[in-house]
Amino acid sequence: VEWSAAERKIVADVWGKISIDEIGPQALARLLIVYPWTQRYFGAFGDLSSAGAIMGNPKVSEHGKTVLGALDKAVKNLDDIKGLYAKLSKMHYEKLNVDPDNFRASYLLADCLSIVVATKFGSAFSPEVQATWQKLLSVVVAALTSKYF
Ligand code: HEM
């Protein structure tokens, strides 16, 4: 994957304005609420019985931060996201098993993350910014699922 200077700048700008502690919990909670079948992967997380329970669940918040922490590493290693995520991909594959639903869920999580970020940024989330942001997320999802095939 090639990153132009303009794209690198956009990624750095967007990421610089993101609070992992704020956006991470919101994005994961949104995934679990909007696409409730993804809850089945998180059986160990306790009460996910309503939107309120999900948003107030400390394990959801904690894991949302963990996921964004992984994204932080990707942003800092744009040129080798696949190598960076090799172990993480294997872990998702072995832990969650090969399942097209899980594969699709990664795209759904990426969408939830985009919506949370767009909501926060408002008009600053221009089409150009969105295009680069989505490129980043698709590289991340491809790397995360690379061990599935
Ligand atoms: C664990 C990142 C997508 C389910 C993790 C961990 C990270 C991570 C960093 C912790 C790894 C460790 O303990 O060493 C990501 C990223 C994703 C993603 C960057 C996509 C952008 C998903 C999706 C699902 C999922 C779509 C299922 C719907 C899980 C589960 C765990 C986990 C169940 C273990 C949680 C626990 O019990 O602590 N993920 N993940 N992940 N992930 Fe993901």
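Annotations
- Among 41-49, 122-130, the order from most to least packed when residues are scored by Cβ within 10 Å on average: 41-49, 122-130
- Region 67-149: proportion of alpha-carbon pairs further apart than 16 angstrom, %: 53
- Counting every C-alpha pair in the chain, the share spaced more than 27 angstrom apart comes to 20%.
- Full extension of the chain between Asp72 and Ala5 gives 22.2 nm of extra length, using 0.36 nm per residue less the Cα-Cα distance.
- Under 20 Å from a label point set 7 Å out along the Cα-to-Cβ vector of Asp13, the amide N atoms of region 102-141 belong to 114-138.
Only the coordinates and a few stated rules stand behind these numbers; no lab work does. Keep in mind it's a predicted model, so treat the numbers as computed, not measured. Because the Cβ atoms are built from the backbone with ideal geometry, glycine has one as well, and the counts that use them run over all protein chains shown.
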